[in-house]
Amino acid sequence: MTEQGIGARVLRKEDKRFITGKGRYTDDIRNERQAYAAFVRSPHAHAKVTGIDSAEAEKMDGVIAVLNGKQLTGDGIGNLICGWAVNSKDGSPMNMGAWSALATDKVRYVGDAVVLVVAETQAAARAAAEAVVVDYEELPAVVHAVDALKDGAPQVHENAPGNLIFDWGIGEEAAVDKALSGAAHVTELEIVNNRLSPNPMEPRSAIATYDEAEDHYTLYTTSQNPHVARLVLSAFYQVAPEHKLRVIAPDVGGGFGSKIYIYPEEIACLWASMKTKRSVKWTSSRSEAFLTDAHGRDHVSTARIGFDENNRIVGLKVDTVANLGAYMSLFSSAVPTYLYATLLSGQYDIANIYCNVRTVYTNTAPVDAYRGAGRPEACFLVERIMETAARELGVDPSELRRANFIKAFPHQTPVIMTYDAGDFAANLDQALEAADYKGFPARREEAAKRGKLRGIGLASYIEACGIAPSAAVGSLGAGVGLWESAEVRVNPVGTIEVLTGSHSHGQGHETTFAQVVAERFGLPIENIQIVHGDTDKVQFGMGTYGSRSGPVGLSAIVKALDKVEAKVKKIAAHVLEVSEDDLVVENGEVKVAGTDRAMAWHEVGLAAYTAHNLPAGMEPGLKEGAFYDPENFTFPAGTYVCEVEVDPETGETKIIQFVASDDFGTIINPMIVEGQVHGGIAQGVGQAMLETVVYDEEGQLLSASYMDYTMPRADNVPSFVIHHHSTKSPSNPLGMKGCGEAGAIGTPPAVINAITDAIGNNDLQMPATPPRVWAALQAASTKIAAE
Amino acid sequence: MTEVSMTVNGKAARASVPDNTLLVDFLREHLRLTGTHVGCDTSQCGACVVHVNGRAVKSCTTLAASAEGAEVTTIEGLANGELHPMQAAFKENHGLQCGFCTPGMIMSATDMVARYQAAGKELTEEAIRHELEGNICRCTGYHNIVRAIQDGAAKMAAG
């Protein structure tokens, strides 16, 4: 390890602009003659649009245009699509309902965009939006997925009878049924995975500018994947051809999945900029963000797990109903299927698994990937049912886990995944040791003396990251390949620009990626610039989500570095008149191994560009590109321990300690990785104890502000204890696994296992708010009294 | 329209603005000081915190007109040639990720430390977490923000 290389806690290069107020987020940008957009949104969860009267709005001061869905579709703008085709068990294709960027004849959730107003100021646009009169014929609404499947439920889309999008299954049902019927013990659990709002602190924003002379569009947008945005906007929505559309995602203030997707607002602003010949800017209010940013989770599941007489798992059967909201968002179909059910084996050797998933339309905001995306739902189910089973079997939950851990790799699960590396017991031991698990009974006793209920809970999570081999996801229905690209440009003076298709919206790529280059050539990271987020600069990229920037994005960079090094050696070998096999690149030099003969790095760079003395037939210049397609998913895993104290008088729960032991494979910058885990844990605590999206029965969103939706604040979480025990991933050159989502995956079950341990009642759903905890405690006391 | 004049980061600022112009819009749109952010519409998230006459306020719920004659400091005005100790502490303790809440966090933190130091009170971890109630961060889990404020407080006391 060098001072700035792999494994070093290098302070972030990108911080200076953020701590001095010089960050450049989309809403900070203002073009010449900037016009502003505001959307008229449906106040109803389900209604026919019977008329739109824009006359008053059009007359108002500063109004440039009032545009509706009929005009939009009339101009040939296509519907939004889901880009991952998932078939039902019977082979029939998923029932995807039409989604126009501006609703034409029907609205399907509160917040559905109907009309776009463009005006000279934001205030004028918003005022005019208020003046647009939309006539609605209200229809009955349905908000819960289970209700939507019932006979007679309101129909959200005509082409999805019974609101069923698909009825999908994975695994061998008959084998699981047989295993469970022969089991010595079966544990059953009903689980609700609560709906969440991602809430990156920067609201979504878009600035679309049409250049009439060039017939060219530029879109600044809050995106995690600007190239995917451009592809989808071009190929599917017919907004502009790909070579006539530049998409720039500048500084982006957090994403957590919600900024993967292309939303109606981006489409509408691009179209409106062409209609009005003005640059059109829209920035979401927080209320609009709650209404329209894709939500996460929202599963209702029942699960049965069977054990033999030696407490070994013999089978797991799961039935899940997943709410996808009013429209199918871009990757919504993959989340409750291939990103969820494929992880139901957890860290355990389970011969038989079957999972049935029904996805359902409701009159709520679209649901798609949110930090963890399917894997938190799988982990919560597996780790809650393991803990529950341990309690029923009367064995220590850590020992039940240990006895069932997968110990040999590679391991083929019955649900597609091939786990390639791990040491689950090592992470468990590290977490238990750090949490002083053995000392817990004494702490429980001490708390009881103070009138408090102390509980401890574990979660041993596994996830699949670095998504994913293109051919594999293609065979599962993905509409895209999930490789990554990189280009390394060595300048004549030896400084380096690295162009990457990954996108940083808080992850610190400008530092981490530079560390890898610095280590490779022995150069200072100051000499390395990471370029990302602009389709005119970076040729193509698949973006950042699914903890893929390390295992996939950096692997592409490493491949390009390999090519650069090969050419550098050829040049130096020619100049120094030695064999390239005798050369090593280190400390900023290309030198003959074991001698003091060398060329400085910048001398090689200059030689490549002066081209005065290159090997015969070699092209001048020093620039190499690479595409990296993963061989497999990567499998971060670990164990989390949460210890809580409950006040039995109020149900108020305090986290006393939270310990994580993660296996992320190779870690480039431990400081940044720890930060990722901290943030993930806080979001996991949010899901477990604080956050939930609430619609009333009419489909009105009740949790549409920070007054109503409880975000984790500084006093809701403790300081965290973070440990690592790593095994390298064999699937990529650096051995990385990804670290962005683990915290959000492992935390909710650890927290709920701890609270249910404290209160002695396993029947507790998220978020475990004080009233719920108090009620569960009372129910447990009543039950004990009755017995 | 209302004439407003104030001192922002040591420079005189004057403009004629609609009566209902918020201080944050005056800063961002009229003065183009875009370091102050808007993260919500209910005065909860604290991304918009600036100092008005030395006190931390949420500029998203302050009328520009109510800051008439005031001394306003934004994140852009905090560094004086070199980074303010609290800015340095946020960098050195990895107290930021996406950076969006960071200006408000730093402005709240400097105000918090100044108040506690003036009152001779100890700024414990518990106190920092309590004081941060008006600032939401979605990235860091607050762990390193707390460390940064502890470090920044020590640096401010030493400086």
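Taking segment B:39-55, which residues are surrounded by fewer than 22 Cβ atoms within 10 Å (Cβ to Cβ) and either aliphatic (A, V, I, L, M) or not assigned by TED's automatic domain parsing to the domain that holds B:Met6 (or both)?
Selection gives B:Val52 alone.
So which of A:His185, A:His216 ends up being under 30 Å from A:His532 (Cβ atoms) and either of a type outside the set (Gly, Ala, Ser) or surrounded by fewer than 19 Cβ atoms within 10 Å (Cβ to Cβ) (or both)?
Matching residue, one of A:His185, A:His216: A:His216.
Which residues, counting only those in segment A:331-346, are within 10 Å of A:Gly374 (Cα to Cα) and in contact with a Ser or Thr (Cβ under 7 Å, 6 or more places away or on another chain)?
Answer for segment A:331-346, where residues must be within 10 Å of A:Gly374 (Cα to Cα) and in contact with a Ser or Thr (Cβ under 7 Å, 6 or more places away or on another chain): just A:Pro336.
The rows are residues; the columns are (1) touching a strand residue (DSSP E or B) at 6+ places or on another chain (Cβ under 8 Å); (2) within 14 Å of chain B (Cβ to nearest Cβ).
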| site | (1), (2) |
| --- | --- |
| A:Gly182 | yes, no |
| A:Arg195 | yes, no |
| A:Asn199 | no, yes |
| A:Ala206 | yes, no |
| A:Ala213 | no, no |
| A:Leu219 | yes, no |
| A:Pro226 | yes, no |
| A:Pro264 | yes, no |
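Between A:Met94, A:Met201, which is touching a Cys at 6+ places or on another chain (Cβ under 8 Å), under 15 Å from A:Gly325 (Cβ atoms) and part of a loop (DSSP other than H, G, I, E, B)?
Details: A:Met201 fails: under 15 Å from A:Gly325 (Cβ atoms).
Being touching a Cys at 6+ places or on another chain (Cβ under 8 Å), under 15 Å from A:Gly325 (Cβ atoms) and part of a loop (DSSP other than H, G, I, E, B) holds for just one of A:Met94, A:Met201, which is A:Met94.
Among the residues of segment A:674-692, which ones are touching a Ser or Thr at 6+ places or on another chain (Cβ under 8 Å) and either under 16 Å from A:Arg772 (Cα atoms) or charged (D, E, K, R) (or both)?
Going residue by residue through segment A:674-692, those that are touching a Ser or Thr at 6+ places or on another chain (Cβ under 8 Å) are A:675, A:678-692.
Residues satisfying the conditions are A:Val685, A:Gly686, A:Gln687, A:Ala688, A:Met689, A:Leu690, A:Glu691, A:Thr692.
Out of all the residues in segment A:389-402, which are of a type in the set (A, V, I, L, M, F, W, C), outside any loop (DSSP other than H, G, I, E, B) and surrounded by fewer than 17 Cβ atoms within 10 Å (Cβ to Cβ)?
Kept after step one, since they are of a type in the set (A, V, I, L, M, F, W, C), are these residues of segment A:389-402: A:389-390, A:393, A:395, A:400.
So of that shortlist, the ones also outside any loop (DSSP other than H, G, I, E, B) come out as A:389-390, A:393, A:400.
Across segment A:389-402, the qualifying residue is only A:Leu393.
Kindly indicate which of A:Leu80, A:Leu72 is more than 14 Å from every other protein chain (Cβ to nearest Cβ), aliphatic (A, V, I, L, M), under 30 Å from the mean Cα position of the chain (by Cα) and crowded, with 20+ Cβ neighbours inside 10 Å.
On the way: A:Leu72 fails: under 30 Å from the mean Cα position of the chain (by Cα).
Result: A:Leu80 is the single residue among A:Leu80, A:Leu72 that is more than 14 Å from every other protein chain (Cβ to nearest Cβ), aliphatic (A, V, I, L, M), under 30 Å from the mean Cα position of the chain (by Cα) and crowded, with 20+ Cβ neighbours inside 10 Å.
Cβ-Cβ below 9 Å, separation at least six or inter-chain, first residue in segment A:566-583 and under 13 Å from A:Phe521 (Cβ atoms), second modelled with pLDDT of 95 or more and among the aromatic types (Phe, Trp, Tyr): which pairs?
A:Val568/A:Phe521; A:Val568/A:Trp601
Return the only residue of A:Ala776, A:Ala758, A:Ala780 being at pLDDT below 95, buried (at least 16 other Cβ atoms within 10 Å of the Cβ) and in a helix (DSSP H, G or I). Break it down into steps so the answer makes sense when it comes.
Numbers: A:Ala776 fails: at pLDDT below 95; A:Ala758 fails: at pLDDT below 95.
One residue alone meets the criteria, A:Ala780.
Do you know which residues across segment A:9-30 are under 20 Å from B:Gly77 (Cβ atoms) and in a loop (DSSP other than H, G, I, E, B)? Outline the logic, then answer.
Within segment A:9-30, the first condition is being under 20 Å from B:Gly77 (Cβ atoms), and the residues that meet it are A:15-25, A:28.
Passing the criteria: A:Thr20, A:Gly21, A:Lys22, A:Gly23, A:Arg24.
What tally of residues in segment A:751-775 results from selecting those that are within 23 Å of A:Val694 (Cα to Cα) and touching a residue at least 60 places away in the same chain (Cβ under 8 Å)?
Looking only at that region, the number is 14.
For segment A:501-510, name all the residues that are within 14 Å of chain B (Cβ to nearest Cβ) and surrounded by 24 or more Cβ atoms within 10 Å (Cβ to Cβ). Show your work before the answer.
Going through segment A:501-510, the residues within 14 Å of chain B (Cβ to nearest Cβ) turn out to be A:503-510.
Selection gives A:His503, A:Ser504, A:His505, A:Gly506, A:Gln507, A:Gly508, A:His509.
Select, from A:Ala38, A:Ala47, the only residue that is within 14 Å of chain B (Cβ to nearest Cβ) and either hydroxyl-bearing (Ser, Thr, Tyr) or closer than 23 Å to A:Thr292 by Cα (or both).
Details: A:Ala47 fails: within 14 Å of chain B (Cβ to nearest Cβ).
Answer to the check: A:Ala38.
Taking into account only those residues within segment A:482-500 that are within 27 Å of the chain's Cα centre (by Cα) and among the small types (Gly, Ala, Ser), which is surrounded by the fewest Cβ atoms within 10 Å (Cβ to Cβ)?
Looking at the filtered set, the residue picked out is A:Ser485.
When the residues of segment A:511-526 are narrowed to those that are assigned to a helix (DSSP H, G or I) and of a type outside the set (A, V, I, L, M), which ends up surrounded by the most Cβ atoms within 10 Å (Cβ to Cβ)?
Keep residues of segment A:511-526 that are assigned to a helix (DSSP H, G or I), which gives A:511-521, A:525-526.
Now restrict to residues that are of a type outside the set (A, V, I, L, M): A:511-513, A:515, A:519-521, A:526.
Working: A:Thr511: 24, A:Thr512: 26, A:Phe513: 28, A:Gln515: 25, A:Glu519: 21, A:Arg520: 21, A:Phe521: 23, A:Glu526: 11.
Applying the filter and picking the extreme gives A:Phe513.
Can you tell me which residues in segment A:696-715 are crowded, with 19+ Cβ neighbours inside 10 Å and either within 14 Å of another protein chain (Cβ to nearest Cβ) or not aliphatic (A, V, I, L, M) (or both)?
Residues of segment A:696-715 that are crowded, with 19+ Cβ neighbours inside 10 Å, as a first pass: A:699, A:701, A:704, A:706, A:709, A:711-714.
Across segment A:696-715, the qualifying residues are A:Gly699, A:Ala704, A:Tyr706, A:Tyr709, A:Met711, A:Pro712, A:Arg713, A:Ala714.
Pick from segment A:13-23 the residues that are touching a helix residue (DSSP H, G or I) at 6+ places or on another chain (Cβ under 6 Å) and at the interface with chain B (Cβ under 7 Å from one of its Cβ atoms): which of them is farthest from B:Leu83 (Cα to Cα)? Write out each step before concluding.
Here is the first cut: in segment A:13-23, the ones touching a helix residue (DSSP H, G or I) at 6+ places or on another chain (Cβ under 6 Å) are A:13-15, A:18-19, A:21, A:23.
Next, from what is left, pick out any that are at the interface with chain B (Cβ under 7 Å from one of its Cβ atoms): A:15, A:18-19, A:21, A:23.
Working: A:Asp15: 12, A:Phe18: 12, A:Ile19: 9, A:Gly21: 12, A:Gly23: 15 Å.
Looking at the filtered set, the residue picked out is A:Gly23.
The values are calculated or read from the model by the stated rules, or taken from the named source; none is laboratory data. Predicted, not measured: the structure shown is a model, and the values here were computed from it. Counting neighbours? That spans all protein chains shown, and the Cβs are built from the backbone with ideal geometry, glycine included.
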